1. Under a crude label model (7 Å from the Cα following the beta-carbon direction), how far is ASP12 from GLU180 in nanometres?
2. Can you put ARG35, ARG93 in order of accessible area, largest first, using a 1.4 Å probe?
3. Non-local amide H neighbours of VAL41 (under 5 Å, H modeled in plane, Pro and chain starts lacking H): which ones?
4. Going by amide H atoms built from the backbone, whose H comes under 5 Å of the H on ARG141, apart from near neighbours?
5. Quote to one decimal, in nm, the extra length available between ILE62 and ILE163 on full extension: 0.36 nm per residue of separation minus the C-alpha distance between them.
6. Rounded, prolate or oblate: which fits the stretch 35-94 when a ≥ b ≥ c are the square roots of the eigenvalues of the alpha-carbon gyration tensor, with rounded for a/c under 1.5 and prolate only if a/b beats b/c?
7. Can you give the FRET efficiency to the nearest 0.05 for VAL84 and GLU37, using r as the Cβ-Cβ distance and R₀ = 45 Å?
8. Which label marks the calculated value of Kirkwood radius over Cα pairs in Å, given the options [x] 16.9; [y] 18.8; [z] 18.2?
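The values are calculated or read from the model by the stated rules, or taken from the named source; none is laboratory data. The model shown is predicted, which means the values in this text are computed figures rather than measured ones. No Cβ is skipped: glycine too gets one built from the backbone with ideal geometry, and neighbour counts run over all protein chains shown. When the accessible area is computed, the model is the full protein with side chains, heavy atoms only, and any ligands, DNA or RNA have been set aside. Shrake-Rupley method; radii C 1.70, N 1.55, O 1.52, S 1.80 Å.
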Amino acid sequence: MNPWFRKLDNTDSLEQGDIFYNIPVIEPISADIDRGERLRVKVIKLDIIVLSQSCDLGAGKIQNVTVCPVTNLQLHLINNFGSVSERKAHVKRLKRGEEVRYHLLNKDTGVCEEYLVIDLKNAYGINYDLLDKLRESQPNRIGLKPPYREHLSQAFARVYMRIGLPNDILEDDLLKVASEIG
């Protein structure tokens, strides 16, 4: 079996797929900037996974690292679904990759003992220097290995590359064309 994760220590450099625990992120609350009101924010702490590309992180090409919240599957289900049938249906869709907003990561014996769910629609930016400093205080991190981190990157891209068309192609028209062929 191909392992999904690798164990990291605080000397390992930042890479795509690295998981950090209890990291402060800023959420804007409100501001009426047109009236000169100051931006109000709250700081929340999340477990996050790095989505910025490793090549950009290693080359110092970015100031802000793109991250998304990550949680274990059990907590994700408890927080989002009330009934067992809803939970089972969601888990099936997660496994098949049909939940565009979420990405499921496998458990990995000895490294990550639980399934993880990434919320791809709630991306945050964390200053590179801050995250690099926080790396030093997290000696027991884990990181996603290839090809699983590339698969995650592709899932993240799918969330933001979708285009809603104002007028979709009508399936009934297509079926009519197909049925009219001699």
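1. In this crude spin-label approximation the distance works out to 6.0 nm.
2. Numbers: ARG35 185, ARG93 80 Å².
Solvent-accessible surface, decreasing: ARG35, ARG93.
3. ILE29
4. The answer is LEU8.
5. Details: separation 101, 0.36 × 101 = 36.36 nm, distance 2.66 nm.
Length gained between ILE62 and ILE163: 33.7 nm.
6. Values: a/c = 3.39, a/b = 1.48, b/c = 2.28.
The shape class here is oblate.
7. On the way: r = 46 Å, r/R0 = 1.01.
The computed FRET efficiency comes out at 0.50.
8. Evaluating Kirkwood radius over Cα pairs in Å on these atoms matches [y].
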